[in-house]
Amino acid sequence: MVTKAKTDTADKVEEPNDEEAGKLTAVTDVEVGIDGKRYSFAAGKPIASDTPANVMLQLKNSGNLKEV
Amino acid sequence: MLNKLISSIGVARQTALGTVATTPTWVSPLVGSGAVAGVEPSVSIDEETGQSYAINAYLEEISSSFDTPVRAYPKTLGEFLYGLFGAVVTTAATTTGFYKHVFSVDATSQTTPWYTLWGNIESEYVRSSDAKVGAIEISWDGNKPLEAAITFACIGVLFGSEAARPTGGTDMAGLNYFTPAGLTFKFAPAGSTLVETKLTKFGLKLTRNVNPEYFSGSALPGDLSMGKFEAAPSFTLKPDDLSAFRTAITGSATGTAVAESVVTGAYEVNLTVGSNTLKISGPKVPFKISWPDSDASGGAVELEVSADNQLGTSSVSPITIELTNDVASYTA
């Protein structure tokens, strides 16, 4: 079912910038569960630039994202 | 006679809508009075002329929401928080064998997991499937243990022996749960500089405003829709002075006039039980504090602090809950 509120906020999420995304790493080994999917990131390894924006947001909110 | 004491709830996450789980992951006793299922038909009497009494009725909707109050067991609290938030970030904690789970609200994703719930009163069974966590109210009063009241909404309901809870699942009975013992509470009526503050009771209502959607042809909901996420904290202080009130209303501890714009503050709750920890952070909260009542019988002034909702930004969650326990993953 399409939720009405979703369209209101969709444009407010910052998409990961390709240039910046390559420089971002996870602080520790981390697992992100969102939208019924599971994403794992190894500490210190660059995060792929095609990682969904909401996964990046969860990493940021949890303090597990750092720029190198 | 049937005894309402012999009742518990089994919980398992489904892989998808319509795929009913086969074994429970968790089994939890209820605390106080609550429900393990919700099946309430809404029968309307037809308004027809022709005789002085009604002769027709119709079934319009069957309500399938219910509230299950449980203790805040570290393992199951994480499952219910995942059910509500739909997002979790898990890392290894410093204590070996423990994991830190960070729950926060995603700005645009409204996907939360589906659950199968097995409830019973003695050998009367009901299985609710395609269920979602609609709300969680975490609260305590004084030094009484935390209560987590979970509101579920579901689409499918099954009765009889087929609905009996299959064996399996980790039973919470007898396991330790969170209590206010060792609590640290920090509060900033305005701004973000948190100061350790004593309180007497605390409540936090988290809701996703999950609504059952009914379609012509079936009295049971055909889907569940998601509304806005809301987090409403409330707590009671017994302060030495009214600086918290003054700060929240004027924007400053030395303010003399009511602020004409919104003043936002913050709070942080830290609880522990063994190596399990629970940290709730609200970084931007428009608190409501009223001038306290005077009372002819005397006693300490009680300052009631509450907020209708907590605020986030386009990229920062309005609330973050960090739970450390020995569950390796809630998404596996």
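Within the stretch B:45-53, can one find any residue that is β-branched (Val, Ile, Thr) and in contact (Cβ under 8 Å) with a residue 12 or more places away in the chain?
yes
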For the stretch B:209-244, enumerate the residues that are surrounded by 13 or more Cβ atoms within 10 Å (Cβ to Cβ), among the acidic types (Asp, Glu) and under 30 Å from B:Glu304 (Cα atoms).
B:Glu230
Being among the hydrophobic types (A, V, I, L, M, F, W, C), away from every other protein chain (no Cβ under 14 Å) and either farther than 30 Å from B:Pro166 by Cα or over 23 Å from the mean Cα position of the chain (by Cα) (or both) narrows it down to one residue among B:Ala92, B:Ala57; which is it?
B:Ala57
So, in the stretch B:108-145, how many residues would count as being hydrophobic (A, V, I, L, M, F, W, C), in contact with a Ser or Thr (Cβ under 7 Å, 6 or more places away or on another chain) and assigned to a loop (DSSP other than H, G, I, E, B)?
0
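Residues are listed down the side, and each one gets a yes or a no for (1) surrounded by fewer than 23 Cβ atoms within 10 Å (Cβ to Cβ); (2) in contact with a helix residue (DSSP H, G or I) (Cβ under 7 Å, 6 or more places away or on another chain); (3) modelled with pLDDT of 95 or more:
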{"position": "B:Phe103", "(1), (2), (3)": "no, yes, yes"}
{"position": "B:Thr116", "(1), (2), (3)": "no, no, yes"}
{"position": "B:Ser139", "(1), (2), (3)": "yes, no, yes"}
{"position": "B:Ala149", "(1), (2), (3)": "yes, no, yes"}
Output for the stretch B:9-35, where each listed residue is crowded, with 21+ Cβ neighbours inside 10 Å and β-branched (Val, Ile, Thr):
B:Ile9, B:Val11
Residue that is at pLDDT below 95 and surrounded by 13 or more Cβ atoms within 10 Å (Cβ to Cβ), where the choices are B:Gly265, B:Gly255:
B:Gly255
Restricting attention to the stretch B:255-279, report how many residues are in a loop (DSSP other than H, G, I, E, B) and touching a Lys or Arg at 6+ places or on another chain (Cβ under 8 Å).
2
How many residues are among the aliphatic types (A, V, I, L, M), farther than 16 Å from B:Asp326 by Cβ and part of a helix (DSSP H, G or I) if we restrict to the stretch B:70-103?
1
All strands (runs of 3 or more DSSP E) inside chain A with 2 or more residues being at pLDDT 90 or above and more than 7 Å from chain B (Cβ to nearest Cβ):
A:24-26, A:37-41
Please work out if B:Asp67 is acidic (Asp, Glu) and crowded, with 19+ Cβ neighbours inside 10 Å.
no
Pick from the stretch B:275-332 the residues that are among the charged types (D, E, K, R) and within 14 Å of another protein chain (Cβ to nearest Cβ): which of them is nearest to B:Leu199 (Cα to Cα)?
B:Lys279
In this structure, does B:Ile289 turn out to be under 12 Å from B:Ala231 (Cα atoms) and in contact with a helix residue (DSSP H, G or I) (Cβ under 9 Å, 6 or more places away or on another chain)?
no
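The values are calculated or read from the model by the stated rules, or taken from the named source; none is laboratory data. Please read these numbers as outputs of a predicted model, since none were measured by experiment. Every residue, glycine among them, receives a Cβ derived from its backbone with ideal geometry; neighbour counts consider all protein chains shown.
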